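Notes follow once the structure below has been shown.
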């Protein structure tokens, strides 16, 4: 069985100062804003590759920051199929597929063998 398709990829970086990071990535690197979600801003890097900058929670501990410093996100319309595909291969999930009202996404989370967070998501349209 082949894995379901991947439409896009986003790497999310968490920042303590979204305004300063926004200025750097927009003004210095020249990345174009693709989607503004308020506390997260997603930029086009190339083709279907994106960079997301998210404001870190001010109350996050160092341990929280280390666990959420980077998120590798796979964007696909087939979130549930990916969930089932990986579950059949013995992958344990931190969070099953759920709808996130704040960001209007349907997503799930798992970790790779080194502890990096992986998100599988699709954007929901109104």
Any idea which of (1) within 25 Å of residue 99 (Cβ to Cβ); (2) surrounded by 13 or more Cβ atoms within 10 Å (Cβ to Cβ); (3) within 16 Å of the chain's Cα centre (by Cα); (4) at pLDDT 90 or above is the one residue 36 doesn't satisfy? (2)
Of all residues being touching a residue at least 60 places away in the same chain (Cβ under 8 Å) and in a loop (DSSP other than H, G, I, E, B) in the stretch 5-30, which is nearest to residue 118 (Cα to Cα)? Just the residue, please. 6
For the stretch 9-33 the number of residues that are surrounded by fewer than 17 Cβ atoms within 10 Å (Cβ to Cβ), under 18 Å from residue 70 (Cβ atoms) and at pLDDT 90 or above is 2
Members of the stretch 40-60 found to be outside any strand (DSSP E or B) and either surrounded by fewer than 17 Cβ atoms within 10 Å (Cβ to Cβ) or at pLDDT 95 or above (or both), listed by number: 47, 48, 57, 58, 59, 60
For residue 99: the one exception among (1) surrounded by fewer than 12 Cβ atoms within 10 Å (Cβ to Cβ); (2) assigned to a loop (DSSP other than H, G, I, E, B); (3) touching a strand residue (DSSP E or B) at 6+ places or on another chain (Cβ under 7 Å): (2)
Selection count, the stretch 1-31, where residues are touching a helix residue (DSSP H, G or I) at 6+ places or on another chain (Cβ under 8 Å) and farther than 18 Å from residue 120 by Cα: 3
Condition first: under 11 Å from the mean Cα position of the chain (by Cα) and either closer than 14 Å to residue 80 by Cβ or without any contact (Cβ under 8 Å) to a residue 24 or more places away in the chain (or both). Now tell me which residues in the stretch 110-126 satisfy that. 120, 121, 122
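The values are calculated or read from the model by the stated rules, or taken from the named source; none is laboratory data. All values reported here derive from a predicted model rather than from experimental measurement. Ideal geometry is used to build each Cβ from the backbone, glycine not excepted, and the neighbour counts take in all protein chains shown.
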